[in-house]
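Visitor: Handing you this structure, nothing more for now.
The values are calculated or read from the model by the stated rules, or taken from the named source; none is laboratory data. Since the structure is predicted, the reported quantities are computational estimates derived from the model, not experimental observations. Ideal geometry is used to build each Cβ from the backbone, glycine not excepted, and the neighbour counts take in all protein chains shown. Note: accessible area is taken over every heavy atom of the protein model, side chains too, but ligands, DNA and RNA are not part of it. Shrake-Rupley method; radii C 1.70, N 1.55, O 1.52, S 1.80 Å.
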Amino acid sequence: VLNFNPIPIIKTKTYGDMTAPNLCDILKVKSQNDKEILKKAKELAYSKAFTEGVMTTGMCTGEKVSTAKDKIRQHMIDNNMAADYWEPSDTVISRSGEECVVALCDQWFIKYGEAGWKEKVMKFIASKDFKFYNEATEKAFVEAINWLKEWACSRTFGLGSRIPWDSKFLIESLSDSTVYNAYYTVAHLLQGSVDGSVAGPLGILAEDVADADWDYVFLHKPRASTSKIPEVKLAKLRDEFEYWYPVDLRCSGKDLINNHLSMMLYNHAAVWNDSSKM
């Protein structure tokens, strides 16, 4: 390998403005043949640069890497210095054994990472109302919320609910399973059987429940004049929900922090806009 002088462009609190050389020293990298050590160094460099890095040169000098990244990308595309290119982050094999590639097709996205929305979530996880049980989990959530951006939320096959404004698409499972905890608080009053085909103790039929009724139960809005359900029954559902919510304990796998669990926080913030229900 030829000798060359690295040019500093990003500074982090942990590794200074020479992240790669410093990591090579810390991890005792001897040559390019130390593949596993270099892989670890790369992961550490990328993680720290994104979460705590600040640009030290160029058009975004002084800005955080997490915000400068998209600006520089768009600048390069606008000036014909780069083009969009998409590929899986790793090899993806289908159930039929074929290697998958990225396809360009119609798709709906949820814009996680939007500044105001993200700020609510970050403020909540930093509050006394949210408790992590170890530092690694806290770090993983912060990194996930900073990383999560546009998420493809639709698909054309499988089980699921139809997207209300575009019925040819279904809502993909991770996007459609983030506030179901709220339904659990009232399910025993609505369902007399597992599949819901039999009415529950309140005698409410699924076909009689409108969006406005859920707004009454979950969002504490007034009962709609068009509701087919007596207010005494809706009030019972609301009382159950407000007694049991918010979620006191969430047990899940750490592999879901980057998607389902962070999306759950985002979507609770969007639906309730109230930390007392998050």
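Visitor: What nm value, rounded to one decimal, do you get for the distance between Asp90 and Val271 when each label is placed 7 Å out toward the C-beta?
Guide: Here the answer is 3.1 nm between the modelled labels.
Visitor: Next question, about the same structure. Calculate how steeply helix 115-125 sits against the longest principal axis of the alpha-carbon atoms of the chain, using the helix alpha-carbon long axis, and give the answer as 0 to 90 degrees to the nearest 10.
Guide: 80
Visitor: Not counting ligands, DNA or RNA, and with a 1.4 Å probe, what is Ser175's accessible surface area in Å² rounded to the nearest 10?
Guide: Roughly 10 Å² of Ser175 is accessible to a 1.4 Å probe.
Visitor: Per the helix-only calculation at 222 nm, which mean residue ellipticity applies to the chain, given -39500 (n - 2.57) for every DSSP H run of n ≥ 4 and division by its residues, nearest 500 deg cm²/dmol?
Guide: Helices in the chain give a 222 nm mean residue ellipticity of -12000 deg cm²/dmol.
Visitor: Follow-up question, since we're still on this one. Show me 245-254, 119-128, 264-273, 181-190 ranked by packing, highest mean number of other Cβ atoms within 10 Å first.
Guide: 264-273, 181-190, 119-128, 245-254
Visitor: Over all directions, the average projected area of the alpha-carbon convex hull for segment 1-135 comes to how many nm²?
Guide: For segment 1-135, the mean projected area of the Cα convex hull comes to 13.7 nm².
Visitor: Still on this structure, please answer the following. Can you give the FRET efficiency for Asp78 and Val101, using 1/(1 + (r/R0)^6), R0 = 35 Å, r = Cβ-Cβ distance, to the nearest 0.05?
Guide: So the FRET efficiency works out to roughly 0.85.
Visitor: Sticking with this structure for a sec: Please give the contour-minus-distance gain from Phe109 to Lys221: 0.36 nm per residue of separation, less the Cα-Cα distance, rounded to one decimal in nm.
Guide: 37.5 nm
Visitor: I'd like the Karplus ³J(HN,Hα) series for segment 147-152: coefficients 6.51, -1.76, 1.60, θ = phi - 60°, whole numbers in Hz, and an x wherever there's a Gly or Pro.
Guide: 7, 5, 10, 5, 10, 5
Visitor: Using only the alpha-carbon atoms of segment 124-200 as identical scatterers, what base-10 log of I(q)/I(0) does the Debye formula give at q = 0.14, 0.17, 0.21 Å⁻¹?
Guide: Those come out to -0.77, -0.95, -1.03, one per q.
Visitor: Below 19 Å, Cα to Cα, which lysines can Lys69 reach? Residues fewer than 8 away in the same chain don't count.
Guide: Within the straight-line limit of under 19 Å, Lys69 reaches these lysines: Lys11, Lys13, Lys42, Lys48, Lys111, Lys118, Lys149.
Visitor: Provide the FRET efficiency to the nearest 0.05 for the Glu242-Thr156 pair, computing r from the beta carbons and using R0 = 51 Å.
Guide: Once rounded, the FRET efficiency stands at 0.85.
Visitor: Hey, another quick one. In whole angstrom, and with the biggest value first, how far do the Cα coordinates of the chain range along each principal axis?
Guide: 79, 45, 36 Å, listed from the longest principal axis down.
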